[in-house]
Amino acid sequence: MTENSAKSSPSVSSVFDLAALAGTFPESADTMLLDMRLTDETAASARLFRIYKPVPAHYHQTCDEYLQVLSGRARFLVEGRGPVELGPGQLLFFRRNVVHGIPEVLEGPLVVFAVDTPRRHPADVTFVDPQDGTAATFIRTIPY
């Protein structure tokens, strides 16, 4: 669980103002992404994250991922298809172990709402080229 376990694990329901939360991300980060864990249940985690730098090809071993762009535009790569440009309102889905990345942020701030099924542990990231990064350089969770 995260530092926000009381907030992040609603027993029955919660309402989140995604636009307001997106506005609270800092202007810069020392990692590729910063995320806020809105829910953090075993079956699924719901997260809001901002991408600060291009994200090299990587995959997650434990979860499928649904990514909906809330603001900004970027070029996304997903194994088995060519690059796709996504912007606000567009949803991208891929299964666990599928290589993906964000080689180019076209317009910022790039903020994405994500649902991981089952829950994605913050350390669950494997870069295709290990020199591209580690879990520590990939993402840091911040409170909301």
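The values are calculated or read from the model by the stated rules, or taken from the named source; none is laboratory data. Note that this is a predicted model, so its numbers are computed, not measured. Here the Cβ positions follow ideal geometry from the backbone for every residue, glycine too, while neighbour counts run over all protein chains shown.
Filter the stretch 46-65 for residues that are crowded, with 17+ Cβ neighbours inside 10 Å and hydroxyl-bearing (Ser, Thr, Tyr); which is farthest from residue 124 (Cα to Cα)?
52
Any residue at all in the stretch 1-14 that's modelled with pLDDT of 95 or more, over 16 Å from the mean Cα position of the chain (by Cα) and more than 20 Å from residue 125 (Cβ to Cβ)?
No, that holds for no residue.
Return the residue satisfying two criteria in turn: it lies in the stretch 66-90 and is free of Cβ contacts under 8 Å to residues at least 24 places away in the same chain and of a type in the set (Val, Ile, Thr), and of such residues it is surrounded by the fewest Cβ atoms within 10 Å (Cβ to Cβ).
Filtering the stretch 66-90 for residues that are free of Cβ contacts under 8 Å to residues at least 24 places away in the same chain and of a type in the set (Val, Ile, Thr), the one surrounded by the fewest Cβ atoms within 10 Å (Cβ to Cβ) comes out as 84.
Return the residues of the stretch 125-144 that are assigned to a loop (DSSP other than H, G, I, E, B) and surrounded by fewer than 16 Cβ atoms within 10 Å (Cβ to Cβ); say none if nothing qualifies.
Those that are assigned to a loop (DSSP other than H, G, I, E, B) and surrounded by fewer than 16 Cβ atoms within 10 Å (Cβ to Cβ): 128, 129, 134, 143.
Can you say whether residue 31 is among the β-branched types (Val, Ile, Thr), touching a Lys or Arg at 6+ places or on another chain (Cβ under 8 Å) and in contact (Cβ under 8 Å) with a residue 12 or more places away in the chain, as far as the supplied structure shows?
yes
So which residues in the stretch 32-43 are among the hydrophobic types (A, V, I, L, M, F, W, C), in contact with a helix residue (DSSP H, G or I) (Cβ under 9 Å, 6 or more places away or on another chain) and assigned to a strand (DSSP E or B), if there are any at all?
33, 36, 38
Please enumerate the residues belonging to the stretch 118-136 that are within 13 Å of the chain's Cα centre (by Cα) and not aliphatic (A, V, I, L, M).
The answer is 119, 120, 121, 122, 124.
Every residue, every condition in (1) in a loop (DSSP other than H, G, I, E, B); (2) under 14 Å from the mean Cα position of the chain (by Cα), yes or no:
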site	(1), (2)
75	no, no
98	yes, no
108	no, no
116	no, yes
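So which of 46, 29, 20 ends up being at pLDDT 95 or above and assigned to a strand (DSSP E or B)?
46
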